[in-house]
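Asks: Would you mind keeping the following structure in view while I ask a few things?
Only the coordinates and a few stated rules stand behind these numbers; no lab work does. Everything numeric here is computed off the predicted structure, so don't read it as measured data. Glycine also receives a Cβ, built like all others from the backbone with ideal geometry; neighbour counts cover every protein chain displayed.
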Amino acid sequence: MVVALLRVMFSPTALADPQSTAIGTSQDGAPLTLYALGDGPKHVLLLGGQHGGPEENTVELVNGLLEYFTDNPAQVPAAIELDILPVANPDGLARGSRQFADGVDPDRNWGGSDWKTDAFDSNAVFRTGLGGPEPFSAPETQALANWVLATRPAFIVNYHSAGGFMFGARDGVAGDLSNAYAQASGYWWPQPGVGGQRSPLPYAASGSMNVWLRETGIAAILVELTTPRSTEVERNLAGVQAVLSELAGAG
């Protein structure tokens with residue numbers, strides 16, 4: 001079991017079971033390939049590689065989860081379709097960059113109420129044009145947003161690194177799912193507003209997917225892996241399994 005979980009780099013073309021769909025194309029021409037397991041009415045999306053090469057461990061993690069559920073399809077409840085996008089920024093992965101090919105940050109280009117064209121990067125450096133000339137200016141952002149709006153997933157897990165914590169709603173159904181993930185995975189889940197600190201980040205991350213999802217009414221969490229190298233497959237598998245169980249039990 002452990003060997004299978006940690007064998008995370010593999011060729012998706014070797015898998016017969018998941019259905020694969022290109023939901024869009026990157027600026028350099030790479031497909032944004034989404035894999036689907038199960039065919040239930042409730043969708044759960046696992047998302048890796050938004051920040052490209054510097055967060056390659058999130059790609060390895062999500063590929064590991066794809067491999068696990070492909071090998072164990074019975075663990076996807078009948079009520080759920082598990083959708084997996086291992087690489088949200090293939091150009092950044094190939095270039096060793098956090099940004100898209102046009103220099104826009106994939107997690108500063110979303111059209112929430114806090115979007116700004118100039119924004120802080122993940123190293124807390126304020127950069128001109130990092131959020132793009134307008135929200136959803138990047139084709140990769142457009143493609144993923146269009147899929148989300150068309151599908152309306154019951155829950156989204158967006159993996160980043162590094163920090164060893166997670167963000168997520170605390171109220172209602174979204175709060176129940178976030179809590180299930182936090183309890184099973186053991187990630188620190190900071191309470192918003194405690195001590196006047198709304199985020200463990202030392203900067204304001206404007207235009208993030210997380211804010212847009214919340215304002216769009218879609219339950220989601222952002223998980224920061226503990227280091228830029230660790231994949232933490234087992235603890236995140238436990239978190240995903242807890243969410244699937246919670247959703248399956250909700251009827």
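Asks: Scanning region 35-51 for residues that are of a type in the set (A, V, I, L, M, F, W, C) and within 12 Å of the chain's Cα centre (by Cα), which turns out farthest from residue 131 (Cα to Cα)?
Replies: Restricting to residues being of a type in the set (A, V, I, L, M, F, W, C) and within 12 Å of the chain's Cα centre (by Cα), the top hit is 44.
Asks: A further question follows. Going through region 82-100 one residue at a time, which ones are among the hydrophobic types (A, V, I, L, M, F, W, C) and surrounded by 20 or more Cβ atoms within 10 Å (Cβ to Cβ)?
Replies: Going through region 82-100, the residues among the hydrophobic types (A, V, I, L, M, F, W, C) turn out to be 82, 84-85, 87-88, 93-94, 100.
Matches in region 82-100: 82, 84, 85, 87, 88, 93, 100.
Asks: How many of the residues making up region 63-95 are outside any helix (DSSP H, G or I), within 22 Å of residue 30 (Cα to Cα) and of a type in the set (A, V, I, L, M)? Steps first, please.
Replies: First, pick out the residues of region 63-95 that are outside any helix (DSSP H, G or I): 72, 76-89.
If we keep only those that are within 22 Å of residue 30 (Cα to Cα) too, we end up with 83-89.
So of that shortlist, the ones also of a type in the set (A, V, I, L, M) come out as 84-85, 87-88.
Summing the residues that are outside any helix (DSSP H, G or I), within 22 Å of residue 30 (Cα to Cα) and of a type in the set (A, V, I, L, M) in region 63-95 gives 4.
Asks: Right, something else. What are the pairs with Cβ atoms under 6 angstrom where one residue, in region 168-186, is more than 18 Å from residue 213 (Cα to Cα) and the other, located anywhere, is in a helix (DSSP H, G or I) and β-branched (Val, Ile, Thr)? Sequence gap at least six, or different chains.
Replies: 180/243
Asks: Next question, about the same structure. Which pairs do you get when a residue that is under 11 Å from residue 231 (Cα atoms), found in region 152-166, comes within reach of a residue that is of a type in the set (Val, Ile, Thr) and surrounded by fewer than 24 Cβ atoms within 10 Å (Cβ to Cβ), reach meaning Cβ atoms under 7 angstrom, with the pair 6+ apart or on two chains?
Replies: 161/227; 162/226; 162/227
Asks: Sticking with this structure for a sec: Residue 211 - would you say it is surrounded by 15 or more Cβ atoms within 10 Å (Cβ to Cβ), of a type outside the set (Phe, Trp, Tyr) and more than 24 Å from residue 56 (Cβ to Cβ)?
Replies: Working: surrounded by 15 or more Cβ atoms within 10 Å (Cβ to Cβ): yes; of a type outside the set (Phe, Trp, Tyr): yes; more than 24 Å from residue 56 (Cβ to Cβ): yes.
Judged against the criteria, residue 211 is a match.
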